[in-house]
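Report on the structure given below.
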Amino acid sequence: MNTQRFVTEPVRRRRTAAGLAAVAMVAAASLASMIQTGCAALRYTPQEAQVAPEAYTVTGDSLSVTVALARVPELAAVGGAATIIDERLSRHLLITRPGTDEYVVVSSHCTHFGRALSYEHDKRRFRCSSLSHSEFGLDGAVLGGPAEGPIMVYRTTVENDTLCVDLTACAAPGAACPCPRGAADAPSEIP
């Protein structure tokens, strides 16, 4: 009878169990951290369809964007939304159409940890794609979640089926806006 086998077998099982327990603890701590901070995604991932580069123009040293609305099918109907991702812009833009003659353009980055926003037309709000799901009104104000500041809402005009977005100005007097009236969008890097 080999007593060596009976002595070492329980020791190996204990080491394996201890190793698995350590891995489980690290995984649980990581998951808890992601849930607590809302950082499930490691990078920005757009939540809405992207506007084709030929459908918009960035002008004036990235101070404005013009969008040919006829070339963006996602904005053809009320409730539509689309994202502009362009390296010339300091932030990705989320364009929404909450009403027939109404367009709202915001920075598509949650102010909590910079995750992408989606547009929920039926609730007239923007929602963060992170686990904590911060929510913002069409005026940029925080409605819920861990975000402490409003999102940037840009001034827009529509002329001849072209949406003009002024990236140097906040939407309207009284709108929740983290910049002084007329100041440029301060952040300079895309998270």
Open item on the list: Take D139 and V158, extend 7 Å from each Cα along the Cα→Cβ direction, and tell me the distance between the two endpoints in nm.
Closed with: 2.2
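Assigning unit charges at the beta carbon (Lys, Arg +1; Asp, Glu -1) and nothing else, what dipole magnitude in debye, to the nearest 20, does segment 53-170 show about its Cα centre?
Working: 10 positive and 15 negative charges, 64 e Å.
It comes to approximately 300 debye.
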- [ ] Would you order R125, R88, R71, R115 from fewest to most other beta-carbon atoms within 10 Å of each residue's own beta-carbon?
- [x] R88, R71, R125, R115
Task: Separation of the D122 and A70 label points, Cα + 7 Å toward Cβ, nm - done: 3.4
Task: Evaluated over segment 79-137, the Cα radius of gyration and Dmax, each in Å - done: 11.3, 33
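Taken together, the values in this text are just the output of simple stated rules run on the coordinates, not laboratory data. None of these values were measured; they are calculated from a predicted model. A quick note on method: Cβ atoms are made from the backbone with ideal geometry, for glycine too, and the neighbour counts reach across all protein chains shown.
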